[in-house]
1. Report the Cα centroid-to-centroid distance between the stretch 180-201 and the stretch 85-159 in angstrom, as an integer.
2. Along its principal axes, what span do the Cα atoms of the chain show, with the longest given first and each in whole Å?
3. Mind checking the full-extension length gain between ASN26 and ALA222? Use 0.36 nm per residue of separation minus the Cα-Cα distance, one decimal, nm.
4. Given a cut-off of under 8 Å on Cα pairs at least six residues apart, what relative contact order in percent is computed for the stretch 39-119?
5. Would you work out the charge dipole size for the stretch 195-258 about its Cα centre, treating the Cβ of every Lys and Arg as +1 and the Cβ of every Asp and Glu as -1, and quote it to the nearest 20 debye?
6. If I take R0 = 41 Å and measure r between the Cβ atoms of GLU37 and THR178 in this structure, what FRET efficiency does the formula 1/(1 + (r/R0)^6) give, to the nearest 0.05?
7. Extension gain LEU246-SER124, at 0.36 nm per residue separation less the Cα-Cα distance, in nm?
8. What full-extension length gain, to one decimal in nm, is calculated for LYS234 and GLU59 as 0.36 nm per residue of separation minus the Cα-Cα distance?
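What follows is calculated from the coordinates using simple rules that are stated; it is not laboratory data. It should be emphasised that the depicted structure is a prediction, and the values quoted were computed from it without experimental measurement. We place every Cβ from the backbone using ideal geometry, glycine too, and count neighbours over all the protein chains shown.
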Amino acid sequence: MTVDGKQLKPGIEFASLSDVGHQRANNEDSLLYWEPESDDEFSRKGRLAVVADGMGGYEGGQEASRLAVETIREIYDSTFDGDPQQTLLAAFAAAHDNIQKYAAQHPQLQGMGTTCTAISIVGSQLYFAHVGDSRLYLFRDANLSRLTRDHSYVGRLVESGIVRSEDAEFHPQRHILTAALGSGNQVDPDFPEHPIALEDGDQFVLCTDGLWSLVTDQEIAAVLRANSPARSCKALVKTALDRGGLDNVTVLVLRYSA
């Protein structure tokens, strides 16, 4: 298969879809799928996928998410030191700094920031880094599990037991973030203690809250179970739009084959 006209290397089936939704004038989400062209570089660096959901107004959110995905791709490629996890974390730190520098140069964009969730697949190992309330799911053996936690006010309420997880998606304050790239003095991404060993047929979903706030985990699992990644993206975005499309809706689906 191809992405942006380039043939993907064997081992992955990838699809993505982003929609502005029904109530926003512009799309403040950004996404990226990247892999090196040379076989040698690919064997070292693997594949990279990123989703980001900007905040800070019409222009600020759009610029923040764009800067995040572009910086992470650039840093991951140019400074890769053999450790995918540490390179992802360094890329997040660079993106955080770049967004803050951009805001300082454009005072009208003060307060701009973005969620960001990025994965790297090197060989049969998956690494990730995460800030905000975009999400990463693993679909394995017909079961969907969430690998990230929401850095949000409601996410804290869920972790403390004040709000049930099944009620969090409908909480009126669910969009209040407690962490984002470009916000605060430093960024402290979540990441796995150990890389995740992949199994044949594993699927990964990266999505913004415009999707998960309107489509349940059970519904996501049912779609993945019955469809290719491309069809899954279309079905999931359509469901979110049919339910109001209250925000930008972005989803990436990757299926791994050993």
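1. Each part's Cα centre sits 6 Å from the other's.
2. Projected onto the principal axes, the Cα atoms of the chain cover 44, 42, 37 Å.
3. Numbers: separation 196, 0.36 × 196 = 70.56 nm, distance 2.99 nm.
Extra length available between ASN26 and ALA222 comes to 67.6 nm.
4. Working: 111 pairs, mean separation 36.2, N = 81.
Relative contact order here is 45 percent.
5. Values: 6 positive and 8 negative charges, 59 e Å.
My answer is approximately 280 debye.
6. Details: r = 39 Å, r/R0 = 0.94.
Once the sixth-power term is evaluated, E becomes 0.60.
7. Length difference between fully extended and current span is 40.2 nm.
8. Values: separation 175, 0.36 × 175 = 63.00 nm, distance 2.69 nm.
Stretched out fully, the LYS234 to GLU59 stretch lengthens by 60.3 nm.
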